[in-house]
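Working notes, structure below.
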Amino acid sequence: MKRPSAPMSGSGGDDYSGPKSPLRVMHIVELLAAATNGMSLAAMTEALQIPKTSLLNHLRVMVGAGYVSLRDARYALGPAALRLGAIIAADAGVLAAARPVAAELMLRTGETVMLATLDERSAEALYLDVIYSQQDIRYSPRVGSRWPLYCTGMGRALLAFQEPSFIHRYLAETDMLRRTPRTVTERTRLRRIIDEVRGSGVVVTQGEHTIGAGAVAAPVIERDGRVRHAIGIGVPIDRLEPRRELLAALVTEAAREVSWTLGGHAAPPSKFAPQDSGNSTSSLAAAPLKRTSKARQGERRPA
């Protein structure tokens, strides 16, 4: 069996001068992923061209962590690796469904749009994708950043739609820090907020995690009825309050569209067209916003 190809850089993989262990671990995972019946230590040593003692040390750690399994002297991918693969595959599908909706939502609201997933192990919201606002003053989280569930819009949109046992355990065991004067840390009050979110289907937070920053978020409901992802916007509070109802309607509609695309039990989307209530401010805010000449895509400035 051929050794998996190493990642290529401008000067080739052989010039890689950093630690070898992470790269070897990935080569082991790639090799076993292609071996449907597992592999012996000798066959892996030959395929990877790694000293047997070094390979065995790596495998022992990976078996202990569940990323590799050992049975009848043959190594195969373990449950932790299979779980990681399933998460990556699931998130890839959600990203494909959400990206065009998120781009449209950014244009309609003029605000930064985020897509997050629930990391059940750490009980945090993990940002998978961010489309930054074109405005000079904006909310600028990073892809890959993690956020608490109890005091963020994205977090509450995820928390509120989990199983009752998960919610009860989270509220009972989480150390809820008061991050700003507005942070809600009383468990009974959080329980009421969670119930309200389940009823309305949308979350609006203002300055509970970061002073001056607010969020509007809604859950993405998948085919099996579960909520693993949420979509929302981060917005400076002074731009949130005047457009609160409109922004909530646009975010809710975006979440419905992504849910519908994924086969979730949601009504067919209406392509971000909330009914005009006759309010001229709402009508203006619903239109795609012109980009400022000073702002550039991807430029990050704190909100």
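Bear in mind these aren't lab numbers, they're just calculated from the coordinates by the rules spelled out. Note that the coordinates shown come from a computational prediction; the quantities given were computed from them, not determined experimentally. For neighbour counting, all protein chains shown are included, and Cβ atoms are generated from backbone atoms with ideal geometry for every residue, glycine included.
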key: Furthest towards positive pole of dipole, Ala92, Thr180, Ala249, structure part the range 88-286, Cβ charges   = Thr180
ask   = Relative to the present Cα-Cα distance, how much length would full extension add between Ala73 and Arg24 at 0.36 nm per residue of separation?
value = 15.6 nm
task = Order the peptides 41-49, 188-196, 115-123, 150-158 from the highest to the lowest mean number of other Cβ atoms within 10 Å of their residues.
result = 150-158, 115-123, 41-49, 188-196
inquiry  = Given the range 19-77, report the % of alpha carbon pairs whose separation exceeds 18 Å.
reply    = 19
key: Under-5 Å amide H pairs with Leu77, H placed in peptide plane, nonlocal only   = Ser69
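Working out 0.36 nm times the residue gap between Glu245 and Arg226, then minus their Cα-Cα distance, what length gain in nm do you get to one decimal?
Values: separation 19, 0.36 × 19 = 6.84 nm, distance 2.59 nm.
Length gained between Glu245 and Arg226: 4.2 nm.
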ask   = When the convex hull of the Cα atoms of the range 142-251 is projected onto a plane and the area is averaged over all directions, what value comes out in nm²?
value = 7.2
Span per principal axis, largest first, for the Cα atoms of the range 88-286 (Å) = 45, 38, 30
ask   = Using 0.36 nm per residue, how much length does the chain from Ser165 to Arg60 gain when fully extended, once their Cα-Cα distance is taken away?
value = 34.3 nm
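What FRET efficiency comes out for the pair Gln49/Arg83, r = Cβ-Cβ distance, R0 = 22 Å, nearest 0.05?
0.15
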